[in-house]
Amino acid sequence: MTLSSTRGISPEQSAREEELAARVQASFDSCRDPRLKELMQALVKHLHAFLREVRLTEEEWHAAIEFLTAAGRITDDRRQEFILLSDTLGASMQTVAINNDVRGDATEATVFGPFFVEGSPGIEPGGDISFGAAGEPCWIEGTVSGVDGDPVPGARIEVWEADEDGFYDVQYGDGRVAARAHLFSGEDGTYRFWGITPTPYPVPCDGPVGKMLEATGRSPMRASHLHFMVEAPGCRTLVTHIFVRGDALLGSDTVFGVRESLIKDFERRPPGTPTPDGRVVDGSWTQVRFDIVLAPSDVRG
Ligand code: BEZ
Ligand code: FE
């Protein structure tokens, strides 16, 4: 406990609280699953330390129960408020960090987010993932390699992003499939495709997590990003994003997903600038390079 929270608490009171915390922990002593036992005992230890540190009032306990109840009520097949809570408390990102340990120059992972959809359309190299989604065209290219520097051919690259209004296709609820696709790296590990320049958008904030963000003066906005999931045999699956250098939200991404190594230069080309594949684009477009390095799959995570 911190000094301030122990101030004014008698030794008798402290002993009573400690005895209870120890007794709850001991209630798991005979759990036959050692991992479950470890998880439950550590949870009780830290939960009781939290309750004692903040000297939780009974009103606050009720408010917390109401908050969790509201999160449960709004959660269904399409809306997962508990994951959003985990995201906004940084717990998702911490779990990602723990499970994607540093391995040479392997590309850093970040949060998965709720908008991935199985069964995206496939595109050829140089194809367009936008399928009519509104936004400034963006040419994305790079290589997929292993930590040894060797190219990884045939890697499956899933990409998905919001449109310029900040909405994923699934949020329109009309069955459209846009701004998502998959493609494969070539024999030399290279890949390229057209997408749209990422723009910022808020996480769903019409539920209890939104209220929590508002009550605490936090922004619901995510920094502009483009999602990637890259899979190849013998490699650890990489779930990540790239972020836009210069985006004002990089320092305040509400799910703590930004890693310095994932911030890329999206270079804006004025209207009329020839494109890498000769496509004629109306207006400006951007160009970004993202070289992906996959960790071997023999490591944890
Ligand atoms: C997203 O990137 O789409 C996202 C991630 C976490 C929470 C909400 C949205
Ligand atoms: Fe996203």
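Points to keep in mind about this one:
- Cα gyration tensor, segment 36-83 - rounded (a/c under 1.5), prolate or oblate: oblate
- Taking T240, T95, T254 as the candidate residues, the one with maximal mean-square fluctuation in a Gaussian network model of the chain, Cα springs under 10 Å, is T95.
- Rolling a 1.4 Å probe over the protein chains gives R52 an accessible area of about 30 Å².
- Put simply, when 207-216, 11-20, 192-201 are sorted by average Cβ atoms within 10 angstrom per residue, most first, you get 192-201, 207-216, 11-20.
- Fraction of beta bridges assigned by DSSP in the chain that are antiparallel (%, nearest 5): 75
- Space enclosed by the convex hull of the alpha-carbon atoms of segment 90-206, per residue, Å³: 122
- 18 Å tail of the calculated P(r), segment 1-89, as % of Cα pairs: 62
- Translational diffusion of segment 13-65 was estimated from the Stokes-Einstein equation, with Rh taken as the Kirkwood radius over Cα pairs; at 10 °C and 1.306 mPa s the coefficient is 131 µm²/s.
- Other residues with beta-carbon under 12 Å from the beta-carbon of V117 carry, at +1 per Lys or Arg and -1 per Asp or Glu, a net charge of 0.
- The separation of segment 200-251 from segment 50-85, counted between C-alpha centres, amounts to 22 Å.
- Taking every alpha-carbon pair under 8 Å whose residues sit at least 6 apart, segment 42-185 reaches a relative contact order of 20 percent.
- D_trans [Stokes-Einstein, Kirkwood Rh over alpha-carbon pairs] for the chain, 20 °C, 1.002 mPa s, µm² s⁻¹: 97
- Coil-residue GluC sites (Glu not before Pro) of segment 119-200, DSSP, other Cβ within 10 Å capped at 11: E187
- Residue of V258, V102, V239 that the Gaussian network model of the chain assigns the largest fluctuation, springs spanning Cα pairs under 10 Å: V102
- For segment 138-194, convex hull of alpha carbons as volume per residue, Å³: 88
- The alpha carbons of segment 119-265 occupy a box of 51, 35, 26 Å along the principal axes, longest dimension given first.
- Helix-only [θ]222 nm of the chain, DSSP H runs n ≥ 4, -39500 (n - 2.57) each, per residue, nearest 500: -8500 deg cm²/dmol
- Entry note, the chain: relative contact order of 20 percent, from Cα contacts under 8 Å with a spacing of 6+ residues.
The values are calculated or read from the model by the stated rules, or taken from the named source; none is laboratory data. Since the model is a prediction, treat every value here as computed from it, not as a measurement. Every residue, glycine as well, gets a Cβ built from its backbone with ideal geometry; the counts of neighbours run over all protein chains shown. The protein model used for the area step is the full one, side chains on, heavy atoms only, and it has no ligands, DNA or RNA in it. Shrake-Rupley method; radii C 1.70, N 1.55, O 1.52, S 1.80 Å.
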